[in-house]
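The block underneath contains the structure these notes are about, expressed in structure tokens.
A short reminder: the numbers here are calculations on the coordinates, not readings from a lab. Since we're looking at a predicted model, the values are computed, not measured. Here Cβ is always computed from backbone atoms with ideal geometry, including for glycine, and neighbour counts include all displayed protein chains.
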């Protein structure tokens, strides 16, 4: 190539441009670094404040089954169990409902109804959690106690999962409230990914003589699965960390739940209930230690989800959006 | 026009909302032959072929008028799912199910159709891949992802997928428009073989392609059927002035 074409004089940028770009660069770099700083600031406070409990119990805190304030014995298992159990109930009930409604909204519902119905589901996400708690405390809890739980005890009591007195403020009620709270998260994102499935994929199934259910099963859900999976993880994240609504409905009892009718405590509700009126530095520190565990669980869930997703997509060569 | 075919279209009109995409079309597609539908973009040729397996009506605010007789039965009067199991389709762009293997793509229609033994499915997959002239290229890796195939292979996979359902009619909507010349040549020679077993209807914007593969050709313009007849007659002795202008490249 003729070198003269390469060195043809380019207009020099005006000074203002250079300064504008510099300021822009500094501003966005500052914003990015500040957010990263926040993560470390929070994590370092959790680590320093939990130091006392960590020195006293070490990792045994993770398998300690008792939380006894009067004897100053602190173990995290009751809250880890409460957190995982309520989140599991939330996903077990919320996931099918959310996916079902997302599929309904993208395939079965009349077109004119899709927009309004979608907005109603998303409205569920706009309800403040204290309102869910209030609703759970004054409506769902009593209803569970008088109607649902006696039926469950009678029909499924033999399984052991529904034993004990029906109180309505228990792990099951908290799990159901969480289920309602994760539905909009899972449904909204799943609906978007399902709606984004290319027409060509749907028509491929339709042209083979697929029924609506077969089109959904072969062309829509598999294509959208990574989005649905991501939505579910976001929903799980909300369930793991939800505080107010759980605190108001779970019964706040510092012991490992033995049935779904047990009063319990999640890590989040423990912090809300006991941090501000902790009886001494060791209890305070133990609560912060539990908070650190919650952070770790959330991180683990996210990382595991990403790894799993990456493997699924790599094995079958699906799409990554 | 053209007496009793395998698929007989009578006074067919199709609408998108208020817009009429095809208007009062009548023609018959003969059995075990290749019929081509040609015409410039927007002439309604894709709409016409999408009526033949009732795919047109799956889009919002669409409507069809007239009759489409498959072996004498009006397919507009029966369950569209049953129609589509007798009338298969291949699309403009290869659209294999992206999350599935080669094997699963081909066997999917058999899984829709209910009970088939593992053996039956295996045989149908092999038969369909052979008919689509893809078997030799994939026989060692049928469990590989469908998306690992080239574009031309993917399109032949889609043909195999449609054939596995054992349709009587195969609709092809510009099946080569996204393919390179080599892949196009493969599909064309395949189409000529398929007519021994199936009634093939192919939409194409490529007149040379119609000339190469089709026994009969229909020319559509602005939603209307201008001329229909044996391919040779249409290209060499067009009856209509408009046909002559189109095939000599004066418009379109």
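Each residue, residue B:74 and residue A:165, gets one label point 7 Å from its Cα in the Cβ direction; the gap between the two is 7.2 nm.
Going from the residue with the fewest nearby Cβ atoms within 10 Å to the one with the most, B:103, A:143, A:138 rank A:138, A:143, B:103.
Projected onto its three principal axes, the C-alpha set of the protein assembly as shown covers 103, 82, 50 Å, listed from the longest axis down.
Mean residue ellipticity, 222 nm, helices only, chain B: the sum of -39500 (n - 2.57) across DSSP H runs of n ≥ 4, divided by residue count and rounded to 500, is -10000 deg cm²/dmol. Shown is the FRET efficiency for residue A:134 and residue A:298, computed with R0 = 22 Å from the Cβ-Cβ distance and rounded to the nearest 0.05: 0.30.
Exposure proxy check: B:172, B:100 ranked by fewest other beta carbons within 10 Å?
On the way: B:172 28, B:100 22.
Ascending number of Cβ neighbours within 10 Å: B:100, B:172.
Among A:95, B:91, B:219, A:54, sorting on how many other beta-carbon atoms sit within 10 Å of each Cβ, with the fewest leading, yields A:54, A:95, B:91, B:219. Extension gain for residue A:126-residue A:307 works out to 62.1 nm (0.36 nm per residue, less the C-alpha to C-alpha distance).
Highest mobility in the GNM of chain A, judged by mean-square fluctuation with C-alpha springs under 10 Å and restricted to A:229, A:104, A:24, is found for A:24.
Considering only alpha-carbon pairs that sit under 8 angstrom and 6 or more positions apart, the relative contact order computed for region A:47-316 is 31 percent.
Based on C-alpha pairs under 8 angstrom that are at least 6 apart in sequence, chain B has a relative contact order of 27 percent.
Roughly how far apart, in whole Å, are the Cα centres of region B:1-51 and region A:253-307? Between the Cα centres of region B:1-51 and region A:253-307 lies a distance of 67 Å.
Taken over the Cα atoms of chain A, the convex hull encloses 267 Å³ per residue.
Within the protein assembly as shown, DSSP assigns beta bridges of which about 60% are antiparallel (rounded to the nearest 5).
Here the spin labels are modelled as points 7 Å beyond Cα on the Cα-Cβ line, and at residue B:63 and residue B:26 they lie 2.2 nm apart. Helix A:221-241 versus the longest principal axis of chain A: what is the Cα-based angle in degrees, 0 to 90, to the nearest 10? It is inclined by approximately 50 degrees.
Report the calculated FRET efficiency for residue A:28 and residue A:155 (r = Cβ-Cβ distance, R0 = 56 Å), to the nearest 0.05.
Efficiency computed from Cβ-Cβ geometry: 0.40.
Remark: spin-label model distance residue B:137-residue B:119 equals 3.2 nm, labels positioned 7 Å along the Cα→Cβ axis. Seen against the Cα atoms of chain A and their longest principal axis, helix A:281-316 is set at about 50 degrees.
When chain A is treated as a Gaussian network with alpha carbon springs shorter than 10 Å, the biggest mean-square fluctuation among A:42, A:176, A:93 belongs to A:42. Relative to the first principal axis of the alpha-carbon coordinates of chain B, what is the inclination of helix B:151-164, with its axis defined by its Cα atoms, in degrees from 0 to 90 and to the nearest 10? It is inclined by approximately 90 degrees. Rank B:148, B:107, B:128 by mean-square fluctuation in a GNM of chain B with C-alpha springs under 10 angstrom and give only the top-ranked residue. Sorting by GNM fluctuation, first place goes to B:148.
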